1. How large is the charge dipole for region 117-206, taken about the Cα centre, if only the Cβ atoms of Lys, Arg (+1) and Asp, Glu (-1) carry charge, to the nearest 20 debye?
2. Dividing the alpha-carbon radius of gyration of the chain by 2.2 N^0.38 Å (N being the number of residues), what value is obtained?
3. With every protein chain left in place, what is the accessible area per residue of region 1-156 in square angstrom, probe 1.4 Å?
4. Quick check: pseudo-label points 7 Å beyond the Cα along Cα→Cβ at ASP100 and LEU78, how many nm apart are they?
5. Anyone know which of LEU47, LEU17, LEU36 comes out most mobile in the 10 Å Cα GNM of the chain?
6. Taking all protein chains in place and a 1.4 Å probe, what share, in percent, of the accessible surface of the chain do carbon and sulfur account for?
7. When the dipole is taken about the Cα centre of the chain, and only Lys, Arg (+1) and Asp, Glu (-1) are charged at their Cβ, what size is it in debye, to the nearest 20?
8. What are the radius of gyration and Dmax of region 39-159, computed over its Cα atoms and given in Å?
Amino acid sequence: LPLAYAIGHWEFWGLTLKLNESTLIPRPDTELIVELSLARTPTSGTLLELGTGSGAIAIALSKTRPDICLTATDIVPLAVATAKENAKSHNVEIHFTQTDWFKGLNDIYDVIISNPPYVASDDPHLAALSHEPQTALVAGPEGLDDLRHIISQAPNHLRPTGQLLLEHGHDQGSAVRRLFAEAGFQNIETHRDLGDNERVTTGYIQ
């Protein structure tokens, strides 16, 4: 059992977060999407996080920028409950909702972010991740199923000049940039993580 699950909590962005086996263990590389989101969200802007898990990203954003109006979703009821508990313990105001990606969401946002499942179903690394929730990791034969869905739907939920930021696998940058372009995003960039791997792709809708 990974240490984070054995002890029931983990550090992210200098915050201690409660975890359980319905939530992924937050990685240091994921702090990149927090940094990029902070730089891209306007003052008192609205931000939607899809697939929040333990709430790590949303809570880090809210602690750093209390002015941001945050909504965070997850399909797993226990993950939403865990995220709510973590938000309460860090005294931040986030609207959590249990739903499947954009389903039932009618609002328009300044920024949409996600660290969705992006591991291919036959990836050899999955064996080492067997204790983590597979639904939060695996996304079809190329690992692109959820990324493709989010990218295609995001323009319907972004205001003009609204931005999309997605974490993805180290070898998926070119495929994700292509999907962004096909969906009409402009100024598409991929940002590298601490290990110099392509990790987060960003773009905006005109």
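1. Working: 6 positive and 13 negative charges, 89 e Å.
My answer is approximately 420 debye.
2. Details: Rg = 15.7 Å, N = 206, 2.2 N^0.38 = 16.7 Å.
My calculation over the Cα atoms of the chain gives 0.94.
3. Details: 7050 Å² over 156 residues.
Each residue of region 1-156 exposes 45 Å² on average to a 1.4 Å probe.
4. 2.0
5. Checking each option, the largest mean-square fluctuation is seen for LEU36.
6. Details: 4760 of 9380 Å².
Solvent-exposed carbon and sulfur of the chain make up 51 percent of the total.
7. Working: 14 positive and 26 negative charges, 105 e Å.
For this selection, approximately 500 debye.
8. In Å, with Rg to one decimal and Dmax whole: 14.7, 43.
The values are calculated or read from the model by the stated rules, or taken from the named source; none is laboratory data. On a predicted model such as this, the values are computed, not experimentally measured, just so you know. Note that we place each Cβ from the backbone using ideal geometry, even for glycine, and neighbour counts take in every protein chain shown. Just so you know, the surface numbers come from the protein's heavy atoms only, side chains and all, with ligands and any DNA or RNA stripped out. Shrake-Rupley method; radii C 1.70, N 1.55, O 1.52, S 1.80 Å.
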